[in-house]
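To start, the structure itself, in structure tokens.
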Amino acid sequence: MNLLLALAVAFEVATVKVSPPAPLGSPIAINLGTFLNGTLTMGNVTLTECLQFAYEVPSQDQIIGPDWLNSRETRFDIAAKAPPETTAAMARQMLKTLLAERLNVRLHVEQRPFSFAALVVAKSGMKMMPAVAGETRPGSGAPGRIFGRQMPMATLASLLSRFEKQLVIDKTGLTGRYQLTLEWATENGPNRDGPSLQSALEEQLGLRLESRREPLDVIVVESASRVPTDN
């Protein structure tokens, strides 16, 4: 079953190209997905990373398919334009259509059991302030520190997953965006003498992590092309 082709929404104009090889020894600049004023850009991304953005999947382990899906040897650059009023949710739907049309992605979704850390509200209650009006940046972070003025909980969970190298999923039930600053001790970071992540979450944000094992959606890629069709 091709769920992507069933979608009616599409970008007005879009290009999908194979990323050029980086000069030997040079770092690769990766853009995992930037959407602003109706324009989506992605750079040097694997097909796995494209699907993560389109489906809001927090872990690469939740995407299964050919070995090359997550290979740095097969990377793509995407530039796509939609009307300025297009929402991020609509853009993700458009990206699903684009991947189906240009990379011939065929997939289905099924559930499989996963162990993960659930981000939940602590018993002491949530301590974050509502988002700052007019701020457009959702947030940023580095190991040991996450800062944001317009951060949804899904983004916080994604950053924690990246920095702590464990699957963290938002189970707070909080649908808004928040101001937050989270600082915790990391082995190689600047805050070696700071609190543990669990303590920092509860003391600074009123959140905590719980170990869980539950069925999660898994994207099974049945087939896809390594070379895009003509733009």
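Bear in mind that the values in this text are calculations on the coordinates, not laboratory data. If you're wondering where the values come from, they're calculated on a predicted model, not measured in any experiment. Here the Cβ is made from the backbone with ideal geometry for all residues, glycine too, and neighbour counts use every protein chain on show.
On the given criteria, is Thr175 without any contact (Cβ under 8 Å) to a residue 60 or more places away in the chain, loosely packed, with under 12 Cβ neighbours inside 10 Å and within 30 Å of Ala14 (Cβ to Cβ)? So Thr175 fits the description; yes.
Identify all residues within region 109-154 that are basic (Lys, Arg) and either buried (at least 18 other Cβ atoms within 10 Å of the Cβ) or assigned to a strand (DSSP E or B) (or both); write none if there are none.
Filtering region 109-154 for residues basic (Lys, Arg) gives 112, 123, 127, 137, 145, 149.
Arg112, Arg145, Arg149, listed by residue number.
Would you please name the residue that is nearest to Asp217 (Cα to Cα), looking only at residues in region 86-107 that are among the hydroxyl-bearing types (Ser, Thr, Tyr) and in contact (Cβ under 8 Å) with a residue 40 or more places away in the chain? So that I can check it myself, show each step before the final result.
Going residue by residue through region 86-107, those that are among the hydroxyl-bearing types (Ser, Thr, Tyr) are 86-87, 97.
With in contact (Cβ under 8 Å) with a residue 40 or more places away in the chain added as a condition, the list becomes 86, 97.
On the way: Thr86: 26, Thr97: 19 Å.
Of everything passing the filter in region 86-107, Thr97 is nearest to Asp217 (Cα to Cα).
Picking from residues in region 152-197 that are touching a strand residue (DSSP E or B) at 6+ places or on another chain (Cβ under 8 Å) and among the small types (Gly, Ala, Ser), the one that is farthest from Gly125 (Cα to Cα) is Gly189. The number of residues in region 32-59 that are surrounded by fewer than 14 Cβ atoms within 10 Å (Cβ to Cβ), touching a Ser or Thr at 6+ places or on another chain (Cβ under 8 Å) and not β-branched (Val, Ile, Thr) comes to 1.
In the condition set (1) more than 18 Å from the chain's Cα centre (by Cα); (2) surrounded by 13 or more Cβ atoms within 10 Å (Cβ to Cβ); (3) without any contact (Cβ under 8 Å) to a residue 60 or more places away in the chain, Leu205 is compliant with all but (3).
Filter region 155-171 for residues that are surrounded by 18 or more Cβ atoms within 10 Å (Cβ to Cβ) and closer than 20 Å to Leu216 by Cα and give the result. Selection gives Thr155, Leu156, Ala157, Ser158, Leu159, Leu160, Ser161, Leu167, Val168, Ile169, Asp170, Lys171.
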